[in-house]
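Student: Structure below; questions to follow.
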Amino acid sequence: MINKDRLRERLLELAQIGGNATDGWTRLAFTKEDKLARGLVKGYMREMGLKITCDNAGNIIGSYGNPTNSPVIAMGSHIDTVPNGGMFDGALGVISALEVAQTIIENKLNVNYPLEVIIFANEEGSRFNNGLTGSRAICGSFSQEELQIEDNNGISFYQAVQEMDLNPDKVYEARAFENKYKHFLEIHIEQGIELEKEHKRIGLVNSAAGQVVLKCTIFGRPDHAGAIKMTQRKDALVEASKLITEIQQISLKMGGHFVATVGKLNVFPNSINTVPGNVEFFIDIRDISSDKLNRGIEVISNTISNISGEFSYFLEEVENELPAFFSSRLLDLGKEICEKKNYPYKVLSSGACHDAQVMTTITDSALFFIPSINGLSHCPEENVHWEDVFLGAEFLLEMVLNASE
Ligand SMILES: [Zn+2]
């Protein structure tokens, strides 16, 4: 029933902002590219007659029906990306949600609750090393201190929000009133290979991994790369490399769902002919069990504390997202729909964090996947089959209609 052409065209139109298939897409939160993309999706909302609200956390909310009369069924995702990311991460969920809402409006389908499409601000968090801020502001778990975090150019989150013509002093006003939402539904690309491997087309997500990000700074000594002998150096990067290798070994031993990644380093002074004096690196640690996550963090922290005596270090936690369990009621409904419609499905957990996970703290929330080709994501090669995009949107529409009964 959904309009496949419109769905595809809008995804392609959004993909014209901030990148291309060679370099990938870079629409970091609150940048010029993000602003352009936000303008585009607001245009779609206007076209379909949604009432548009933009809160001071940067979330764009398109509503249909009156939310003060009864709880709202909301759908949504994000349009910001990681640097050089793919064209479907987040965008798929936003454009699919808009398509589902438009299908309902155009066909006058019966929904017993007001609808909302939420475009969450700054989900990825690449710019400030701090993500999910839009959904956390809605759920009341965004803290004022986060406004002071700076990006690589020294621009604070506070300033970045101001540059979007929003008022950062009123971010707290984004918080949803109690029991505002009946359900929240998000569709997303899997970013893994489970569905493709088993030829399934819909992933029903039962849980999502918790994520802790540690920032470790190693202090050595900067020296001239020619004048100082190898034995006289305190090379912070060499020391950091040893730790990074150990973190990999620890994670392999932890096994199961446990993963730890060092994907970002800042080397000072970052000069060809200077021995690295200081190094900052970020350790992204995840597991679906809180116990195991904490155990892993402890082992990693102990390993870092055993660093060679010539070096000092500083370790701090910069992000902490708890593991989440999605609504079993919506999961059962998802199974029912897949069985009735003959959609091959699989129940699975998510290693990645999503806004739907944050939304579990205030409402009955559900997350669904469509297959990623070769599991590729957060890269220019990220891809999906269009037939799966259409099926995902049909499924989301069924979910909304049935959850509304
Ligand atoms: Zn995403």
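All of the numbers you see were taken from the coordinates with simple rules; none came from a lab. As the structure is a prediction and not an experimental result, all values here were calculated from the model. Here the Cβ is made from the backbone with ideal geometry for all residues, glycine too, and neighbour counts use every protein chain on show.
Student: Where Rh denotes the Kirkwood radius from the mean inverse Cα pair distance, what is Rg over Rh for the range 223-278?
Tutor: Working: Rg = 14.8 Å, Rh = 13.0 Å.
Expressed as Rg/Rh, it is 1.13.
Student: Specify the angular offset, from 0 to 90 degrees and rounded to the nearest 10, of the alpha carbon long axis of helix 32-47 from the longest principal axis of the alpha carbons in the chain.
Tutor: Helix 32-47 and the main axis of the chain meet at about 10 degrees.
Student: Rank the residues Arg175, Arg27, Arg38 as a footprinting-exposure proxy: fewest other Cβ atoms within 10 Å of their Cβ go first. Mind showing how you got there, number by number?
Tutor: Numbers: Arg175 18, Arg27 27, Arg38 21.
With the fewest neighbours first, Arg175, Arg27, Arg38 line up as Arg175, Arg38, Arg27.
Student: If you average over every viewing direction, what projected area does the convex hull of the Cα atoms of the range 26-108 give, in nm²? Intermediate values should be presented prior to the final figure.
Tutor: Working: hull surface 23.2 nm².
For the range 26-108, averaging the hull's shadow over all directions gives 5.8 nm².
Student: Any idea what angle helix 328-341 forms with the longest principal axis of the chain, computed on alpha-carbon atoms, 0 to 90 degrees, nearest 10?
Tutor: Helix 328-341 and the main axis of the chain meet at about 60 degrees.
Student: Using only the Cα atoms of the range 137-281, build the gyration tensor, take square roots of its eigenvalues as a ≥ b ≥ c, and label the shape rounded, prolate or oblate: rounded if a/c is under 1.5, else prolate if a/b is larger than b/c, else oblate. Walk me through the intermediate numbers first.
Tutor: Details: a/c = 3.05, a/b = 1.43, b/c = 2.12.
Judged from the Cα gyration tensor, the range 137-281 comes out oblate (a/c at least 1.5, b/c at or above a/b).
Student: Here's another thing I want to ask about it. Write down the percent of antiparallel bridges among all DSSP beta bridges whose residues are both part of the range 13-158, to the nearest 5.
Tutor: Details: 13 of 19 bridges.
Just about 70 percent of them are antiparallel.
Student: Are any of the pairs Lys215/Lys242; Lys242/Lys264; Lys108/Lys335; Lys264/Lys292; Lys4/Lys200; Lys182/Lys335 more than 22 Å apart by Cα-Cα distance, and if so, which?
Tutor: On the way: Lys215/Lys242 16 Å; Lys242/Lys264 15 Å; Lys108/Lys335 26 Å; Lys264/Lys292 24 Å; Lys4/Lys200 20 Å; Lys182/Lys335 19 Å.
From Lys215/Lys242; Lys242/Lys264; Lys108/Lys335; Lys264/Lys292; Lys4/Lys200; Lys182/Lys335, over 22 Å: Lys108/Lys335; Lys264/Lys292.
Student: Another one. Please give the net charge around Met48, taking every other residue with its beta carbon less than 12 angstrom from that of Met48, where Lys and Arg add +1 and Asp and Glu add -1.
Tutor: +2
Student: Taking 0.36 nm per residue of sequence separation and subtracting the Cα-Cα distance, how much length would be gained by fully extending the chain between Gln144 and Gln248, in nm to one decimal? Walk me through the intermediate numbers first.
Tutor: Numbers: separation 104, 0.36 × 104 = 37.44 nm, distance 3.40 nm.
Extra length from Gln144 to Gln248 when fully extended: 34.0 nm.
Student: Classify the range 210-321: rounded, prolate or oblate, from the alpha-carbon gyration tensor (a ≥ b ≥ c, eigenvalue square roots; a/c under 1.5 rounded; otherwise prolate if a/b is larger than b/c)? Spell out each step's value before the answer.
Tutor: Numbers: a/c = 2.70, a/b = 2.31, b/c = 1.17.
Judged from the Cα gyration tensor, the range 210-321 comes out prolate (a/c at least 1.5, a/b above b/c).
Student: While we're here: If you build the Cα gyration tensor of the chain and take the root of 5 times each eigenvalue, what three semi-axes come out, in whole angstrom, biggest first? The partial results should precede the final answer.
Tutor: Numbers: eigenvalues 313, 105, 77 Å².
Output for the chain: semi-axes of 40, 23, 20 Å.
Student: Related question: Run the helix sum for the chain: -39,500 (n - 2.57) per DSSP H stretch of 4+ residues, divided by residue count, reported at 222 nm to the nearest 500 deg cm²/dmol.
Tutor: Values: 11 runs with 133 residues, N = 405.
Computed mean residue ellipticity for the chain: -10000 deg cm²/dmol.
Student: I would also like to ask the following. If I take every Cα pair under 8 Å that is 6 or more residues apart in the chain, average their sequence separation and divide by the length, what percent do I get for the relative contact order? Numbers along the way, then the final one.
Tutor: Details: 894 pairs, mean separation 92.3, N = 405.
Computed over the chain, the figure is 23 percent.
Student: Based on the Cβ-Cβ distance from Lys340 to Asp291, what FRET efficiency comes out when R0 is 41 Å, to the nearest 0.05?
Tutor: Details: r = 38 Å, r/R0 = 0.92.
That gives a FRET efficiency of 0.60.
Student: I've got another one for you. Could you tell me the calculated FRET efficiency between His199 and Glu381, based on Cβ-Cβ distance and R0 = 22 angstrom, to the nearest 0.05?
Tutor: On the way: r = 21 Å, r/R0 = 0.95.
So the FRET efficiency works out to roughly 0.60.
Student: A further question follows. Give a residue-ordered list of calculated ³J(HN,Hα) values for the range 19-25 (Karplus: 6.51 cos²θ - 1.76 cosθ + 1.60, θ = phi - 60°; whole Hz; x for Gly, Pro).
Tutor: x, 7, 5, 7, 8, x, 10
Student: Once the Cα atoms of helix 386-403 and of the chain are each reduced to a long axis, what angle between those two axes, in degrees from 0 to 90 to the nearest 10, is obtained?
Tutor: 60 degrees
Student: Turning to a different aspect of this structure: So, R0 is 25 Å and r is the distance between the beta-carbons of Asp165 and Glu298; what FRET efficiency does that work out to, to 0.05? Intermediate results must be reported in sequence, preceding the final value.
Tutor: Values: r = 44 Å, r/R0 = 1.77.
It comes to 0.05.
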